[in-house]
């Protein structure tokens, strides 16, 4: 979208040096919005690449992978699943590398139902190609709760989130840098005591992705729906001193303007929390945060 607007302005005889500063003044909702694909992110290092969840964003990522070894039937792909709700699976049947003979698709989950999920997903009447008809080799890996595993030089540890069906977030560690993926969660456990064995998901973290499907008032109205508000993630980030937070899993019923309004509300909440800490005579830990959008990349 940004490229399209850029080209339109230049076609209108605006000088190139004027276009970029102008675009920088536009809010996200006027410059391509936040995107509409369901959850799928990539965690990568110079040695490895891991995919988390198979939402609709996986389809486009598959096209990118086809430009490399996956397009020659020589690729290995690693996909971790938080849980098996449709929005986290829907991209799998349209993930091109899974149909290419010679490719190997490694899939990981804490839940033992992982092989059954694939058998159900790839069969009629849900999909015309059965599991046995996929060209790639599927390798299943069952992860142990809260036990780290090494994947291509990245240490991955699953921790349980607060969701109606079992859902697991992931802590990624490499060379002293830590990233936490915390989607989907209602964050019903907030205190360190309540989080218990899952507290390490939020401790010593440099960057975090957190669920922000609702505003705080919507989250109060939708108890047991399994999703949070940015304010809850901000409280954790301030307390546990998480330097950067990116909020995603925006409500599919929300347009870009509504998401932007929710971000504004979260900004007011955050500033209020910082002031409250200062009034108490303490120095608050300040978090660098924003609502995420499709295509966003960042270094941990």
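For region 182-208, what are the residues that are assigned to a strand (DSSP E or B) and touching a helix residue (DSSP H, G or I) at 6+ places or on another chain (Cβ under 9 Å)? Scanning region 182-208 gives 182, 208.
For region 165-172, the condition holds for no residue, the condition being that it is surrounded by fewer than 21 Cβ atoms within 10 Å (Cβ to Cβ), more than 21 Å from the chain's Cα centre (by Cα), assigned to a loop (DSSP other than H, G, I, E, B) and not assigned by TED's automatic domain parsing to the domain that holds residue 89.
When you check residue 80 against the structure, is it out of contact with any strand residue (DSSP E or B) (no Cβ under 8 Å at 6 or more places or on another chain), modelled with pLDDT of 95 or more, under 26 Å from residue 145 (Cβ atoms) and crowded, with 21+ Cβ neighbours inside 10 Å, yes or no? Before you say what the answer is, go through the steps one by one.
On the way: out of contact with any strand residue (DSSP E or B) (no Cβ under 8 Å at 6 or more places or on another chain): no; modelled with pLDDT of 95 or more: yes; under 26 Å from residue 145 (Cβ atoms): yes; crowded, with 21+ Cβ neighbours inside 10 Å: yes.
No.
Reported count of residues in region 242-254, each being without any contact (Cβ under 8 Å) to a residue 60 or more places away in the chain and surrounded by fewer than 17 Cβ atoms within 10 Å (Cβ to Cβ), is 3.
Every residue in region 209-241 that is assigned to a loop (DSSP other than H, G, I, E, B) and either free of Cβ contacts under 8 Å to residues at least 40 places away in the same chain or not assigned by TED's automatic domain parsing to the domain that holds residue 258 (or both), please. Steps first, please.
Step one: filter region 209-241 for residues assigned to a loop (DSSP other than H, G, I, E, B), giving 212-213, 215, 222-228, 241.
Matches in region 209-241: 213, 222, 223.
Taken across region 270-279, residues that are part of a loop (DSSP other than H, G, I, E, B) and in contact (Cβ under 8 Å) with a residue 12 or more places away in the chain do not occur at all. Scanning region 117-140 finds no residues that are closer than 23 Å to residue 46 by Cα, out of contact with any strand residue (DSSP E or B) (no Cβ under 6 Å at 6 or more places or on another chain) and not assigned by TED's automatic domain parsing to the domain that holds residue 179.
The values are calculated or read from the model by the stated rules, or taken from the named source; none is laboratory data. Small disclaimer: the values here were computed from a predicted structure and weren't measured. Neighbour counts run over all protein chains shown; Cβ positions are idealised from the backbone, glycine included.
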